[in-house]
Amino acid sequence: MEPARRLPPPPVLYRALVARDASYEGVFLAAVRTTRIFCRPTCSARKPKEGHVEYFATPSEALTAGYRPCKVCRPLEGSRPAPALVRRLVEAVERAPSGRVTDKELTAMGVEPGTARRQFHRAFGMTFQAYQRARRMGMALQEIKGGSTVAATAAARGYDSPSGFREAFARTFGVPPTEADPATLLRAHWIETPLGTMLAVAGDGGLLVLEFVERAGLERELQRVRRKVGGTVVPGEHPVLQAVEEQLRRYYEGTLRSFDVPLDLRGSEFERAVWQALLRIPCGETRSYAQIAAEVGAPGSARAVGRANGANPVAVIVPCHRVVRADGSLCGYGGGVWRKQRLLELERASAPSGAGKLFW
C-alpha cells in the first residue's frame, strides 16, 4: 500500500468542494457519509453539509472506508472517460452480492478476464483485483460497524472464513507477516463487547489503538499508527491484546474499575499530557474540559483539550468518556454519545454504592 498523503485542513477542502475548485483535482476526494458515495472536488452533484463529508487522498482509501464511486463525476477515471467495458466491470462489482466478480462470471458476461484486467488497470491505475479487494473490505467493515459479527460478514462477503477476512485485512492495512520486520509487527484483534465490536492494535510497547469499529476514520487511524510506529498491522494474537480482552470483560461485568495494561500512546506533547490527565480521573467520576485544561497547566485551553480528547486512540481504557461539559451534560464521543452515557452508567452502577453490573 502506498503511504497515505497528508491533506490540507478539512475547512480548506470543504471550501474547494463547494466552489468546485478544479485546482484541487487529484488532491482529494470527498466522501458523503449519508449516501456512502465519494466524488471529485468538481462534481456537479448537490453539495452535502460540511459535517457529512470525509476526505481521502486516493480512491483506494475511499473504497476501503466503505464508499462507492459517484456515477456523476466518476472519480476513478482520469482526464479521459473509461471504456464501456471498464464501466461494466465496476457496475458488476456493485451488483454482486459479495462484492466480488470471478473469472468464471466475467466469461459468462462475455468478457475475457485478461482483457478486463488490462483495460481496468489502464483506465484506473489499479488492478481489477485490487479494486474488488478494497470495495469488499470497505463493505465488510461497514457491515461490522452496523453490528454484524466478523464471521457473518466474512461469509456474506465471500471470504472463505473469518481467518480469510483477517488475511484480507492484513493485505489492506499492511504487508503480509512474511514480509514484515518482526521488530515492528503490530497485531490487530477484534473484541466483542456488550456495546459493540472493538478493534485493538498492540505491539511490544503496549496498546496503541482500541476503538469501536464504527468510529469514523478508524481506517485512517490505523494508517497513522503504522506511520508513527513504522510498523505493519496484521491480524493476530499478542499478550497485550489478551490482557485487554480479559480486562474489558471484567470491566463490563462491573468487577474491574482500573485497567493496568501497558499503553503505547503516540501523540503531541500536549495530547499525551491530556491523555495522562484522563487516566487520573477515578472510575465513576467526570471532569470538565476546563478542569482538564487547568490540570495540564493550560487554563483557558478547553477547546484544545476537546481536540486532544477526540484524538485519543484508546477508548474506554483512556477514559475520554469521563469528560463532560461544565454543566455536567454530555457532548460528543467518537463511539457515539449513547455509548458515553452507557459507560458512565456502568461505572456508577459498579461503584461500591451502585446497583451492580449492567451487562453480561
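The values are calculated or read from the model by the stated rules, or taken from the named source; none is laboratory data. Keep in mind the model is a prediction, meaning the values are calculated, not measured. No Cβ is skipped: glycine too gets one built from the backbone with ideal geometry, and neighbour counts run over all protein chains shown.
Can you tell me which condition PRO41 does not meet? The list is (1) assigned to a loop (DSSP other than H, G, I, E, B); (2) out of contact with any helix residue (DSSP H, G or I) (no Cβ under 6 Å at 6 or more places or on another chain); (3) without any contact (Cβ under 8 Å) to a residue 40 or more places away in the chain; (4) of a type outside the set (Asp, Glu), and all the others hold.
Of (1) assigned to a loop (DSSP other than H, G, I, E, B); (2) out of contact with any helix residue (DSSP H, G or I) (no Cβ under 6 Å at 6 or more places or on another chain); (3) without any contact (Cβ under 8 Å) to a residue 40 or more places away in the chain; (4) of a type outside the set (Asp, Glu), only one is false for PRO41: (2).
Here are the criteria: (1) among the small types (Gly, Ala, Ser); (2) at pLDDT below 75; (3) in the same structural domain as GLU105 (by TED's automatic domain parsing). Tell me which single one ALA183 does not satisfy.
Here ALA183 clears every test but (3).
Going by what's in this entry, would ARG15 be described as basic (Lys, Arg), modelled with pLDDT of 90 or more and under 25 Å from GLY158 (Cβ atoms)?
Answer is no for this residue.
What are the pairs, 6+ residues apart or on separate chains, where a residue within region 22-36 that is in the same structural domain as PRO48 (by TED's automatic domain parsing) and modelled with pLDDT of 90 or more has its Cβ under 7 Å from a residue that is aliphatic (A, V, I, L, M) and in a loop (DSSP other than H, G, I, E, B)?
Going by the 7 Å Cβ cut-off, the qualifying pairs are PHE28/LEU7; PHE28/ALA57; ALA31/ALA65.
For region 246-360, which helices (runs of 4 or more DSSP H) that fit wholly inside it have 1 or more residues that are crowded, with 20+ Cβ neighbours inside 10 Å, touching a Cys at 6+ places or on another chain (Cβ under 7 Å) and modelled with pLDDT of 90 or more?
By residue number, 269-279, 302-310, 337-349.
Filter region 100-124 down to residues that are exposed (fewer than 14 other Cβ atoms within 10 Å of the Cβ) and small (Gly, Ala, Ser), then give me how many there are.
Looking only at that region, the number is 3.
Select from region 207-223 the residues that are more than 8 Å from the chain's Cα centre (by Cα) and at pLDDT below 75 and list them in ascending order.
Within region 207-223, just GLN223 meets the criteria.
Inside region 96-114, can you point out the residues that are more than 20 Å from ASP160 (Cα to Cα), in a helix (DSSP H, G or I) and not aliphatic (A, V, I, L, M)?
Listed by number, the residues that qualify are THR107, PRO113, GLY114.
Filter region 199-209 down to the residues that are in a strand (DSSP E or B) and either assigned by TED's automatic domain parsing to the domain that holds ARG33 or more than 16 Å from ARG272 (Cα to Cα) (or both) and list them by number.
LEU199, ALA200, VAL201, ALA202, GLY203
Could you look through region 224-245, keep only residues that are assigned to a helix (DSSP H, G or I) and among the charged types (D, E, K, R), and pick out the one that is modelled with the highest pLDDT?
Among those residues, the one meeting the criterion is GLU245.
Evaluate region 134-143: report whether one residue or more is touching a strand residue (DSSP E or B) at 6+ places or on another chain (Cβ under 7 Å) and modelled with pLDDT under 75.
No.
Write out, first by first residue and then by second, each pair whose Cβ atoms fall under 7 Å of each other, whose residues are 6+ apart or on separate chains, and whose first residue, in region 52-69, is assigned by TED's automatic domain parsing to the domain that holds GLU25 and touching a residue at least 60 places away in the same chain (Cβ under 8 Å) while the second is of a type in the set (Lys, Arg) and outside any helix (DSSP H, G or I).
If the second residue must be of a type in the set (Lys, Arg) and outside any helix (DSSP H, G or I), the pairs left are GLU54/ARG33.
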